[in-house]
Each structure stands twice: as structure tokens, then as C-alpha cells.
Ligand code: ATR
């Protein structure tokens, strides 16, 4: 029941209307008997929105495009990861202080670990945007990572984490796909479209293929990878695991990710 003690959490971004996060987090609050609600806020003026979070005592936030980097300057403290990555997707309001975290990297790692060993593996990461950076930072600590990006400079910048960076070209794709054990798509290619960042002919059966795009659930890349016989991991696992880490930061509860996935899938059907 919503009453005078109900705490408020939310997502800020633009646009946010297709997000599955409200469905997932509200289902979790109910399941764990936490008196809180989660709403999506379509924000134009980030600075005012963050001031409003403080003024109203909103308990926590998720942050999505295009604000993951811009929000840093408005926060009081950053976790070590958030500072290193330069991007925040989770904010905790701790007694009036806003603390920024990044759970994208750990979310991707946990999603991968459900299906495969990661330690010591050779990982080809496509994309050096917000999500790509976070994944590069986290995986660089336990695997060998090559990052390819359309804008080469952004991939090179990630070399400070100990990964190798290069241009997302056909030649590099060919070279590093024959080297890799795991390939991750962290570009937006394939999101609500038929394109794939990897020509089908370059895929081979013993690759693990992880796409962080979750709309559609089976992207072109994942369909072609499945047809070739690869182990495939969809982007909903990433969304859920990063959300589970946010939920734990807010509430101290380590949520049931299988339950989260079922609720997200139900929510997805309802919104179509
Ligand atoms: P997110 O927060 O989801 O990572 P982002 O920071 O906007 O979003 O990053 C989008 C990623 O997809 C970037 O790596 C981008 O490449 P650039 O850095 O060169 O922009 C990549 N991307 C988007 N459209 C692409 C396309 N048509 N071909 C290749 N890469 C693309």
C-alpha cells in the first residue's frame, strides 16, 4: 500500500517510455515487501532534476541515455568504478548525499558468468560508448580484452584500462574474431533494426556471443550466431544483472534474477 512512508526511486533519461526498469523494480519491491515505488522520469533539464531529487528526498535513481556522463558533475561522491569509467547508471541518496555508481560492467560480467567461464578468456568487445567503457573496465581485470569501435580514438582511450583498442573495420573483425573466445556487442547496432555488427560469415560455432541490445530480444546478431551454433546470451540478462546490482545498492537485498527476468518478459508483452 502506498502511504506516507513510501519511498520513491526512479529512472531519469530521455526517452524513458520504453524502459522495462519500472516493471522490474516495482515487482521486486512487492516481492521483498519494501514500501517503495519506482517511476520513469523523462528529463529535459538534468541539473534541476538532480536538485529535485535532493529537495524531495528521492531515495535512488537509475540513469540512462543521454545523462550517464553528464550527471557526474551534479553528484556529491562517486564510487571507484564510476570515477574510473566516467559514467553513472545508479545513484544512491545516502542521508541527503547523492552517490554515483556504475553497475553496467558488473552486470555484464554476471550475465556472462551465468553461461561461461570469463577468467583468462579472450574477449572481443565491440563498442566504446557508455556501456562499452564500463564493460572494458570490469573485464580488463580478469580477461584479455580487445575493443573495436567505429570511432577508433574512443577505443584507444580505453587502453588506460589495460585493453587493446582499434577501429571497428572488417579487417579487424576478421582478425580478432578468429582470436576470441567471447564476443560482446556493446554498440547500438541491431537495436530495433535488422543490422548486425558482424557479418555472418565471420561467426564460428565455438564462440560465445553476447549482445547487450535487448530490443528485439533476439537481435540479428544473436539469430545468426544461434544458426551457426554459437552459445548466445541476450541483452535482457545484462539489463537484469545491472538492475539487480542497483537494487542491492539501494536496499541491501540481493534479488532473485530469474524472477526479474520473468517479470521483465511479462512487462515486455504488456507494452506491445
Ligand atoms: P551506450 O550508453 O548504449 O553505450 P553510446 O554511449 O551512445 O550508448 O554508445 C553507442 C555505441 O554504439 C558507440 O560505441 C558507437 O560508436 P561511436 O563511438 O563511433 O559513435 C556505436 N555505434 C552506434 N551506431 C553505430 C554504427 N552505425 N556502426 C558502428 N558503431 C555504432
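Let's see how each residue does on (1) within 22 Å of residue 34 (Cβ to Cβ); (2) surrounded by 23 or more Cβ atoms within 10 Å (Cβ to Cβ); (3) not assigned by TED's automatic domain parsing to the domain that holds residue 119:
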{"residue": "182", "(1), (2), (3)": "no, yes, no"}
{"residue": "197", "(1), (2), (3)": "no, no, no"}
{"residue": "208", "(1), (2), (3)": "no, no, no"}
{"residue": "218", "(1), (2), (3)": "no, no, no"}
{"residue": "223", "(1), (2), (3)": "no, no, no"}
{"residue": "257", "(1), (2), (3)": "yes, no, yes"}
{"residue": "261", "(1), (2), (3)": "yes, no, yes"}
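Under the condition of being part of a strand (DSSP E or B) and surrounded by 18 or more Cβ atoms within 10 Å (Cβ to Cβ), which residue from the range 126-165 is nearest to the ligand (Cβ to nearest atom)? Filtering first and then ranking leaves 149. When 245, 227 are screened for being assigned to a helix (DSSP H, G or I) and closer than 18 Å to residue 104 by Cα, only 245 passes. Any residue that is in a loop (DSSP other than H, G, I, E, B) and more than 16 Å from the ligand (Cβ to nearest atom) - is there at least one of those in the range 184-198? No, that holds for no residue.
Considering (1) at pLDDT 95 or above; (2) touching a helix residue (DSSP H, G or I) at 6+ places or on another chain (Cβ under 7 Å); (3) in a helix (DSSP H, G or I); (4) assigned by TED's automatic domain parsing to the domain that holds residue 96, the lone condition that residue 253 does not fulfil carries the number (3). Would it be correct to say that residue 62 is more than 15 Å from the ligand (Cβ to nearest atom), within 28 Å of residue 263 (Cβ to Cβ) and not assigned by TED's automatic domain parsing to the domain that holds residue 217? No; evaluated as a whole, the condition is false for this residue.
The values are calculated or read from the model by the stated rules, or taken from the named source; none is laboratory data. Quick caveat: nothing in here was measured; it's all calculated off a predicted structure. Note that we place each Cβ from the backbone using ideal geometry, even for glycine, and neighbour counts take in every protein chain shown.
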